[in-house]
1. Name every residue in region 7-21 that is crowded, with 16+ Cβ neighbours inside 10 Å, of a type in the set (A, V, I, L, M, F, W, C) and over 10 Å from the mean Cα position of the chain (by Cα), in order of residue number.
2. Given the criteria within 30 Å of Ala23 (Cα to Cα), modelled with pLDDT of 95 or more and touching a strand residue (DSSP E or B) at 6+ places or on another chain (Cβ under 8 Å), does Leu165 qualify?
3. Tell me which of these Ala171 doesn't satisfy, since it passes every other one: (1) farther than 23 Å from Ala17 by Cα; (2) modelled with pLDDT under 90; (3) part of a loop (DSSP other than H, G, I, E, B).
4. What pairs come out if I take residues in region 27-54 that are over 18 Å from Arg167 (Cβ atoms) and pair them with residues that are of a type in the set (Ser, Thr, Tyr) whose C-beta lies under 8 Å away, six or more apart or interchain?
5. State which residue is modelled with the highest pLDDT when the search covers only region 29-59 and only residues that are of a type in the set (S, T, N, Q) and touching a helix residue (DSSP H, G or I) at 6+ places or on another chain (Cβ under 8 Å).
6. Pairs only if they're at least six apart or on different chains, beta carbon under 6 angstrom, first in region 139-154 and at pLDDT 70 or above, second of a type in the set (Lys, Arg) and surrounded by fewer than 16 Cβ atoms within 10 Å (Cβ to Cβ); list them, first residue then second.
7. Among the residues of region 174-210, count how many are at pLDDT below 85 and of a type in the set (Lys, Arg).
8. Pick out the one residue from Arg167, Arg153, Arg134, Arg179 that is over 23 Å from the mean Cα position of the chain (by Cα), open to solvent by 70 Å² or more (accessible area, probe 1.4 Å) and closer than 22 Å to Gly42 by Cα.
Amino acid sequence: ERALVILPGEVRAEVEAVAAADASAIESRDVELIGKVLAHRGRNYLLASAIGLIEPTTPTVAPAVAPAAEGAAPPPPADPSDAFLEGDDAAARLEAELLARADRAPRAVSVDAGVEVVPVREHRMHARRGHLRRDLASGTMIFVPEADGTGARDPQLELLPCAMLERLEAAASSPSAPRILRVSGLVIEEGSSRYLLPTGFSAPREGRGISP
């Protein structure tokens with residue numbers, strides 16, 4: 001099984017806040033994660049939407065059965081219609097497994113009062129014009145939105161790893177690649193950091209001028 005890198009979002013912010021206050025509350029614990037698995041250049045990532053801690057359980061010991069008294073009459077034969085229940089190890093194992101799973105139901109990660117959680121906001125971006133550049137320090141791809149009609153420019157967005165990012169990287173490295181692209185995706189704002197999980201892109205169509 002491959003390790004999953006948890007991407008920025010509400011779940012990661014909560015886990016980091018809990019771990020900062022008490023590392024033992026998260027580390028070396030079994031957890032259950034729900035989210036979307038993404039792949040980029042041979043590595044797996046998780047855009048998590050929920051997390052739960054699996055509580056350890058105490059094994060249940062079956063009560064001992066007293067041996068039959070010496071000389072006692074053997075028990076009467078079971079009803080043939082119930083024969084499939086007698087010694088049905090598969091059913092017993094299934095029942096024990098279901099009970100164990102119920103005892104180990106995940107518990108939501110709780111953030112104690114006073115523990116600061118980095119605020120996270122998410123919104124969709126549709127066909128925003130901009131260009132790509134690679135950050136020389138981290139090696140990540142950055143989307144730089146164009147200024148809007150008022151001249152205001154939105155902050156740059158770090159592209160999160162996924163299959164769509166691979167397609168964007170391939171398109172950007174082509175000699176005939178357009179400098180400006182229209183990019184859509186999920187914007188995640190985590191504190192002062194801003195990320196973009198791309199879901200699509202296209203080259204903008206340039207309109208024709210009208211000659212007199």
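1. Scanning region 7-21 gives Ala13, Val15, Ala17, Val18.
2. no
3. (3)
4. Ile34/Ser49; Gly35/Ser49
5. Applying the filter and picking the extreme gives Ser49.
6. Met141/Arg134; Ile142/Arg133; Glu146/Arg129; Ala147/Arg153
7. Final tally of qualifying residues: 2.
8. Arg134
The values are calculated or read from the model by the stated rules, or taken from the named source; none is laboratory data. As the structure is a prediction and not an experimental result, all values here were calculated from the model. With ideal geometry, Cβ positions are generated from the backbone for all residues, glycine too; neighbour counts draw on all protein chains shown. In case anyone asks, the SASA skips ligands and DNA or RNA and just uses the protein heavy atoms, side chains included. Shrake-Rupley method; radii C 1.70, N 1.55, O 1.52, S 1.80 Å.
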